[in-house]
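Here the structure is laid out as structure tokens; the discussion comes afterwards.
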Amino acid sequence: MTRLLLLGGVGDALAIARRLGPPHIYSLAGLGKVPSDLTCQVRVGGFGGAAGLAAFIREQGIDLLLDVTHPYAAQISANAARAAEQTGIPCWALRRPGWQAGAGDDWREVADWAELSTALGLFQRPFFTLGREPLQHLDEIPAGQFWTVRMLDEHPGNVRARVIGDRGPFSLERERALFAAENFDVLISKNSGGSATEAKLQVARERGLPVLILARPTLPAVAREFSTGEALWQALQALPGGLG
Ligand code: NAP
């Protein structure tokens, strides 16, 4: 039997964790919800870098490491690749393809917050769907701009910003209603890929809005990479000796 350590943080990881039995461990950073109804073991919190992760792998007798973290969670993916190398076990990763701009899209890639902040100067009503990072900049919002920031948890805004705590998936109807009500003039997004948060891009296209896209980080090459959670699950089921 192959004992798995599944590094999660996205819906694809939870879908795999739901199908794993008691020998396997599902690990979460602890930022989002921690499910309490799983058959596999669940652990929460950092390992203390690649060395801590390698020590955990040895202690627990893990045979295969699965990196099913978010495409922008570059630190844990780097740690996973390094810890697998140090312990001599394979690391398999979900490397979800990014979204592609199509006809009617006006996407502008920005490398980091500094580039984003310059690009934002042209707009009055930006909609941020990047996670927590805008919170650090709420005091820098220029007069004449009003920000809407959507992230996982509630947070107080200020006179120039409203923070919406909400979790995907987001339907097209709901996104259309939000864009219409708030009259956004630009969308700011990661290029996360997947379907759960894709509707906002269609609504931006329908409304002729530009999208400022934060560039994807470079992730390490690992033993096997999969573009969907289902393909990864199929490969796990084909392991000799099974999953117990
Ligand atoms: P990160 O910068 O790559 O990771 C920061 C630190 O968090 C890691 O060094 C590690 O701490 C700990 N960590 C991350 N994932 C972990 C896991 N599955 N189990 C145990 N520890 C973990 O990642 P992040 O951007 O902060 O994201 C944190 C988590 O949220 C990830 O699991 C990711 O999949 C999820 N998430 C991130 C985003 C995003 O846009 N960044 C979006 C949705 C979900 P130690 O070094 O101490 O081990």
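Quick notes on this structure:
- Residue identified as within 16 Å of the ligand (Cβ to nearest atom) and either open to solvent by 80 Å² or more (accessible area, probe 1.4 Å) or out of contact with any Phe, Trp or Tyr (no Cβ under 8 Å at 6 or more places or on another chain) (or both) among Gly102, Gly165, Gly144: Gly165
- Picking from residues in the stretch 186-215 that are of a type in the set (D, E, K, R) and surrounded by 17 or more Cβ atoms within 10 Å (Cβ to Cβ), the one that is nearest to Ala80 (Cα to Cα) is Lys190.
- Criterion: within 13 Å of the ligand (Cβ to nearest atom), among the hydrophobic types (A, V, I, L, M, F, W, C) and modelled with pLDDT of 95 or more - qualifying residue of Leu28, Leu20: Leu28
- Residue in the stretch 110-124 that is in contact with a helix residue (DSSP H, G or I) (Cβ under 9 Å, 6 or more places away or on another chain), part of a strand (DSSP E or B) and within 16 Å of the ligand (Cβ to nearest atom) present: yes
- Cβ pairs under 8 Å, 6+ apart, first in the stretch 112-127 and in contact (Cβ under 8 Å) with a residue 60 or more places away in the chain, second open to solvent by less than 70 Å² (accessible area, probe 1.4 Å) and basic (Lys, Arg): Phe127/Arg150; Phe127/Lys200
- Test result for Asp37, more than 11 Å from the ligand (Cβ to nearest atom), open to solvent by 40 Å² or more (accessible area, probe 1.4 Å) and free of Cβ contacts under 8 Å to residues at least 12 places away in the same chain: yes
- Single match in Leu172, Leu152, Leu243, Leu201 (criterion: in contact with a Phe, Trp or Tyr (Cβ under 8 Å, 6 or more places away or on another chain) and either closer than 23 Å to Leu66 by Cβ or of a type in the set (A, V, I, L, M) (or both)): Leu201
- Restricting Glu225, Glu230, Glu173 to those that are over 21 Å from Val10 (Cβ atoms) and either exposed (fewer than 14 other Cβ atoms within 10 Å of the Cβ) or in the same structural domain as Leu31 (by TED's automatic domain parsing) (or both) reduces the list to Glu173.
- Any chance Leu4 is of a type in the set (A, V, I, L, M), within 7 Å of the ligand (Cβ to nearest atom) and open to solvent by less than 30 Å² (accessible area, probe 1.4 Å): no
- No other residue among Ala15, Ala29, Ala80 is surrounded by 20 or more Cβ atoms within 10 Å (Cβ to Cβ) and closer than 18 Å to Leu4 by Cα apart from Ala80.
The values are calculated or read from the model by the stated rules, or taken from the named source; none is laboratory data. Worth saying up front: this structure is predicted, and the values here are computed from it rather than measured. We place every Cβ from the backbone using ideal geometry, glycine too, and count neighbours over all the protein chains shown. These area figures cover heavy atoms from the full protein model, side chains too; ligands, DNA and RNA do not enter into them. Shrake-Rupley method; radii C 1.70, N 1.55, O 1.52, S 1.80 Å.
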